[in-house]
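Here the structure is laid out as structure tokens; the discussion comes afterwards.
The values are calculated or read from the model by the stated rules, or taken from the named source; none is laboratory data. This one's a predicted model, so the numbers in the text were calculated from it and none came from an experiment. Neighbour counts are summed over all protein chains in view; Cβ atoms, including those assigned to glycine, are modelled from backbone coordinates with ideal geometry.
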Amino acid sequence: LKTVKEKDFELYKIVEEELNRQKTGLEMIASESFVSTGIMELQGSILTNKTMEGFPGKRYHAGHEVIDKMEILGIQRAKALFGADHANIQPHSGSQANQCVYASIINPKDKVMGMRLDQGGHLTHGSKANFSGKIYDFISYGLDKETELIDYTELERLANKHRPKLIVAGASSYPRFIDYERISNIAKSINAYFLVDMAHVAGLVAAGIHPSPVPYADFVTSTTTKTLAGARGGFILCKNEFSKKIDKATFPGVQGSSHLHIMAAKTFTFKNAMTDEYKVCMKQVVKNAKKLSDALQKKGFRIVSGGTDNHLLLVDLRPKKLTGAQLEEALAFVGITVNRNMIPFDPEKPMITSGVRIGTTAMTIKGMKEREMEEIAEMINKVAENINDKGALDKIKENARDLALKYPLYHGYFDF
Ligand code: PLP
């Protein structure tokens, strides 16, 4: 940041401070990763200078010849990576990708089904605080109280009762595989469209270690962040029959000009995700999540649904007589970053919660393996057991910093 340092020292210092936080802390927010230096080069590239609307071959500005090559390459890569008929790589974010799908096939007030926010769904799956819940008539499905898995029987009952035009699957805090085939069959039986928002698990799908929704869903949306560990943006995959509708809904329906520097970084993200090195990393992400889950369980935490199939775990803190807010704050103090999270059927309010969500992507990219997950579980337990002991927390803070510094950022292991 040479120029920024020279021309805007105030802002430069903030970025440096954040860099230092990222270097010295244990980043375990499930939606985070560390992106490769290639992503950062492209996101800061001259491509930001160009304004471009439309799609390759159908542009609204001159000077599109070079950019067309890039968008075509990105689309080809997304299609090849996920085995999809059609890809649109323009959505600025995961939320906008969902908005584009809704705008392409349903109308305001139409009935839609999505997973409850407080049981794992995303805001854009029908929360009343979000455009999705304000514009469309969402009916929510959730989890079985005993198994803490999606209650497919209830989902089917609700689908038959309400006959929505669209069913949305996918989640922000669900640690288990989702039975896409089963939901697809339910959608087909009532003539509804089926959208899978795979934002959290897209990297695991790309690596072939999580079931792919592509064969079952009419539409698949995702971010290129999270487990895909790439550009900060979104994309849509769909069956050929919906390609025109999806493109039209994205532009001019929901968005204006494309963010071409980000589109380039998405294109690079898709290439990264095809490498063997990336697949090894994603396998390790899942192994690490399982190890962390087992280690915390052994220390008396309750893990929602008994474990994890992916990159995240949900920890019920009630056996430790703590709330999510309390543990999040204490962990942040020692440099372990997680987020408070509702557990299924949580008795606490959303700002308090009984749980935390922990993800392993970022630390795995830095090079950590099972042994480090055991160390982290030990630290989390010590924090939980010494939450009011400043001296003990200071000591854990030193340990967390030492562990983080053993795996330097951008000298690392998986800079794909
Ligand atoms: N869909 C799911 C399942 C998510 O977890 C998120 C993440 O935050 C999004 C969509 C939204 O992505 P974005 O933050 O890029 O809008």
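Go through the range 222-251 and give me each residue that's touching a Phe, Trp or Tyr at 6+ places or on another chain (Cβ under 9 Å) and over 19 Å from G170 (Cβ atoms).
Matches in the range 222-251: A231, D247, F251.
Looking only at residues in the range 114-146 that are free of Cβ contacts under 8 Å to residues at least 12 places away in the same chain and surrounded by fewer than 16 Cβ atoms within 10 Å (Cβ to Cβ), which one is farthest from the ligand (Cβ to nearest atom)?
Across the range 114-146, the extreme among qualifying residues is E146.
With E385, E375, E398 as the choices, which residue is touching a residue at least 60 places away in the same chain (Cβ under 8 Å) and surrounded by fewer than 22 Cβ atoms within 10 Å (Cβ to Cβ)? Break it down into steps so the answer makes sense when it comes.
Details: E375 fails: touching a residue at least 60 places away in the same chain (Cβ under 8 Å); E398 fails: touching a residue at least 60 places away in the same chain (Cβ under 8 Å).
The match here is E385.
Against the condition among the hydrophobic types (A, V, I, L, M, F, W, C), on the phi < 0 side of the Ramachandran plot and at pLDDT 95 or above, how does A62 come out, does it pass?
no
Among what's in the range 238-260 and is within 16 Å of the ligand (Cβ to nearest atom) and out of contact with any Asp or Glu (no Cβ under 8 Å at 6 or more places or on another chain), pick the residue that is farthest from Q99 (Cα to Cα).
Residue satisfying both the conditions and the ranking: H259.
State all residues of the range 192-223 that are in a loop (DSSP other than H, G, I, E, B), buried (at least 24 other Cβ atoms within 10 Å of the Cβ) and in contact with a Ser or Thr (Cβ under 8 Å, 6 or more places away or on another chain); if no residue qualifies, say none.
Answer for the range 192-223, where residues must be in a loop (DSSP other than H, G, I, E, B), buried (at least 24 other Cβ atoms within 10 Å of the Cβ) and in contact with a Ser or Thr (Cβ under 8 Å, 6 or more places away or on another chain): M198, A199, H200, V201, A217.
Restricting to the range 325-349, count the residues that are assigned to a loop (DSSP other than H, G, I, E, B) and not aliphatic (A, V, I, L, M). Steps first, please.
We begin by selecting, within the range 325-349, every residue assigned to a loop (DSSP other than H, G, I, E, B); these are 335, 338, 342-349.
Filter once more, keeping what is not aliphatic (A, V, I, L, M): 335, 344-349.
Summing the residues that are assigned to a loop (DSSP other than H, G, I, E, B) and not aliphatic (A, V, I, L, M) in the range 325-349 gives 7.
Can you give me the number of residues within the range 171-201 that are over 18 Å from L123 (Cβ atoms) and of a type in the set (G, A, S)?
4
Which one of the conditions (1) touching a Gly at 6+ places or on another chain (Cβ under 9 Å); (2) within 16 Å of the ligand (Cβ to nearest atom); (3) not basic (K, R) does L155 fail to meet, given that it meets all the rest?
Among (1) touching a Gly at 6+ places or on another chain (Cβ under 9 Å); (2) within 16 Å of the ligand (Cβ to nearest atom); (3) not basic (K, R), L155 violates only (2).
K266 - would you say it is more than 17 Å from E71 (Cα to Cα) and either over 20 Å from the mean Cα position of the chain (by Cα) or crowded, with 17+ Cβ neighbours inside 10 Å (or both)?
So K266 fails the test.
Restricted to the range 162-191, and to residues that are assigned to a loop (DSSP other than H, G, I, E, B), farther than 20 Å from L117 by Cβ and among the basic types (K, R), which residue is nearest to the ligand (Cβ to nearest atom)?
Per the criteria, the residue is K165.
Which of the residues belonging to the range 276-292 are without any contact (Cβ under 8 Å) to a residue 40 or more places away in the chain and in contact with a strand residue (DSSP E or B) (Cβ under 7 Å, 6 or more places away or on another chain)?
none
Would you tally the residues in the range 147-171 being surrounded by 16 or more Cβ atoms within 10 Å (Cβ to Cβ), out of contact with any strand residue (DSSP E or B) (no Cβ under 7 Å at 6 or more places or on another chain) and closer than 16 Å to F345 by Cα?
Of the residues in the range 147-171, 1 are surrounded by 16 or more Cβ atoms within 10 Å (Cβ to Cβ), out of contact with any strand residue (DSSP E or B) (no Cβ under 7 Å at 6 or more places or on another chain) and closer than 16 Å to F345 by Cα.
I'd like the residue in the range 204-222 that is among the β-branched types (V, I, T) and closer than 21 Å to K239 by Cβ and, out of all such residues, is farthest from the ligand (Cβ to nearest atom).
Applying the filter and picking the extreme gives V214.
To keep it simple, each residue is scored yes or no on (1) crowded, with 23+ Cβ neighbours inside 10 Å; (2) modelled with pLDDT under 95; (3) in a strand (DSSP E or B).
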{"residue": "L292", "(1), (2), (3)": "yes, no, no"}
{"residue": "S305", "(1), (2), (3)": "no, no, no"}
{"residue": "N310", "(1), (2), (3)": "yes, no, no"}
{"residue": "R357", "(1), (2), (3)": "yes, no, yes"}
{"residue": "A362", "(1), (2), (3)": "yes, no, no"}
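Within the range 314-324, does at least one residue satisfy the condition of being buried (at least 17 other Cβ atoms within 10 Å of the Cβ) and assigned to a helix (DSSP H, G or I)?
Yes, the conditions are met somewhere in the range 314-324.
When residues of the range 44-98 are filtered for being within 16 Å of the ligand (Cβ to nearest atom) and farther than 22 Å from Y216 by Cβ, how many remain?
Result for the range 44-98: 5.
Look at the range 275-290 and say how many of its residues are in a helix (DSSP H, G or I) and either farther than 17 Å from T360 by Cα or not hydrophobic (A, V, I, L, M, F, W, C) (or both).
Final tally of qualifying residues: 9.
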